[in-house]
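Some notes on the structure that comes next.
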Amino acid sequence: MIKEQVAGLPTSELCRKHGLSPATFYKLKAKYDGMELSDAKRLRQLEDENNKLKRLLADAMLDNAVLKDLLGKPRHQVANAPSQT
């Protein structure tokens, strides 16, 4: 898309052709301008991997917080429970 604009296609026509708003086009242009297609694909892969790792970290932190809550409860509640005999 960016190469089409550089080649002389008006931005409004380019946006209509690809179904984008001009704001979205300029946002994409700012992010990907000057990159080769392989670089843009690699960037996308790295962003996806980064998001996956962030989710894994959030899950691990949540698991850790749950375990701390469970281990932090006083044990006398269990020890003082009436026996069922």
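The table below gives the values:
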{"read-out": "Some residue of the stretch 1-9 being among the acidic types (D, E) and under 23 Å from the mean Cα position of the chain (by Cα)", "value": "no"}
{"read-out": "Selection from the stretch 41-85 of residues that are modelled with pLDDT under 90 and either in contact with a Cys (Cβ under 8 Å, 6 or more places away or on another chain) or small (G, A, S) (or both)", "value": "G72, A79, A81, S83"}
{"read-out": "Cβ-Cβ under 8 Å pairs, at least 6 apart or on other chains, the stretch 1-28 side more than 21 Å from R44 (Cα to Cα), far side surrounded by fewer than 11 Cβ atoms within 10 Å (Cβ to Cβ)", "value": "C15/S21; P22/S12"}
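The values are calculated or read from the model by the stated rules, or taken from the named source; none is laboratory data. Not measured: the values here are computed from a predicted model. Please note: Cβ atoms are built from the backbone with ideal geometry, for glycine as well, and neighbour counts cover all protein chains shown.
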